[in-house]
Amino acid sequence: MLGDDAELTTAVLAAQDGDESAFRSVYRAVHPRLLGYIRTLVGDLDAEDVASESWLQIARDLDRFEGDADRFRGWAARIARNRALDHIRMRGRRPAIGGDETELTVKPGDADTAGEALEALATGDTFALISQLPQDQAEAVVLRVVVGLDAKSAAETLGKRPGAVRTAAHRGLKRLAELLGDQAGDADGLAAVPPQRGRRGGAASAPTGPGGVTHSRSRTQKDM
């Protein structure tokens, strides 16, 4: 696993020059979080297939990509989202999209209760709870907290304004905190998730949970 953004940027550049080993490194660094995002769109059953389609397109179009590690994560997330929506349309299902961005008018508060709640969850529990959120909130939380995109990149992926994404993420994290409170009786069974290593902060790398989904550090609501 690549340790920080500089290493990922270097690996992407090498992969663009045809270095297969570098491409494998990029895949290992990005895939777990990307798969987690795809799961919020199509569910567990189809997530691996959609992820494979996404990586085929990423490999095919890689020579046209320009940017650093953050931009690569956003670019990969947009490809994954498009492949997921194509998959949903092909199967004749409607995506469970939440309210549109005009409803997202509440500004985040300063408290970090929701962020702390998310960090207290084990990976499997987190995605079980995220699946209970409205789609706009689920996508915003996963893109910001799991994939690790900033608000601008997440907004570009979703076709929304950065402020709308911040508010959706804030609402989603607040709801996760409420759901976690409902599980208080099982609190002893929840494992703490350490921060992600190398996201310009030098913290330790996040563990990989069930299904290969890995967590980045939990962002505070101020970050959102």
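The values are calculated or read from the model by the stated rules, or taken from the named source; none is laboratory data. Owing to the predicted nature of the structure, the values given are computational and were not obtained by experimental measurement. Methodologically, a virtual Cβ is constructed for each residue, glycine included, from the backbone with ideal geometry; neighbour enumeration extends over all protein chains shown. With ligands, DNA and RNA removed, areas are computed over all heavy atoms of the protein, side chains included. Shrake-Rupley method; radii C 1.70, N 1.55, O 1.52, S 1.80 Å.
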### Query
How far apart, in nm, are the 7 Å Cα→Cβ label points at residue 60 and residue 19?
2.6 nm
### Summary
By the C-alpha gyration tensor axes a ≥ b ≥ c (rounded if a/c is under 1.5, else prolate when a/b exceeds b/c, else oblate), the shape of the range 1-86 is prolate
### Task
Just subtract the alpha-carbon distance of residue 7 and residue 68 from 0.36 nm times their residue separation and send over the number in nm, one decimal.
21.0 nm
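Please calculate how many Å² of accessible area the range 1-77 carries per residue, with a 1.4 Å probe and no DNA, RNA or ligand atoms counted.
47 Å²
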### Message
How far apart, in nanometres, would the label points at residue 28 and residue 90 be if each is projected 7 angstrom from Cα along the Cα-to-Cβ direction?
### Response
3.0 nm
